[in-house]
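Input: a single structure, listed below in structure tokens.
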Amino acid sequence: AKDFGKALMRCGLLVQREAQKVTPVDTGALKNSARTRSEGRGFRTAVFVSFNTSYAVFVHERHKTKGKFLEATYRRLLPQIRKTLIDAMGGVK
């Protein structure tokens, strides 16, 4: 079960890293504000990926060409995330 929490954190860090690659950049402050944190342990782990500037939500929701950069990254990575978590649980039986 503890491996599941670690796998979730690895997935969160993957989402953060990939989202940073497509984050709109003016000064770099938004891209550099990315954070991933976890709460709980094992199967009760919650992982949070966020961008922590006062304007992060506005850019995410309204940017003309790169809007939804975090959400789109998560959706694109879902197959890989699923595989990582299934593997952490010992694979599909």
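What follows is calculated from the coordinates using simple rules that are stated; it is not laboratory data. Predicted model, so just to flag it, every value in this text is computed and none were measured.
Its alpha carbons give the chain an Rg and a Dmax of 14.5, 49 Å. Taking the longest Cα principal axis of the chain as reference, the axis of helix 2-22 is set at about 20 degrees. To the nearest 10 degrees, how steep is helix 69-88 against the longest Cα principal axis of the chain, on a 0 to 90 scale? Result, in degrees: 10.
Adding -39500 (n - 2.57) for every DSSP H run of four residues or longer, then dividing by how many residues the chain holds, sets the calculated 222 nm ellipticity at -17500 deg cm²/dmol.
Taking N as the residue count of region 48-93, its C-alpha radius of gyration divided by 2.2 N^0.38 Å amounts to 1.57.
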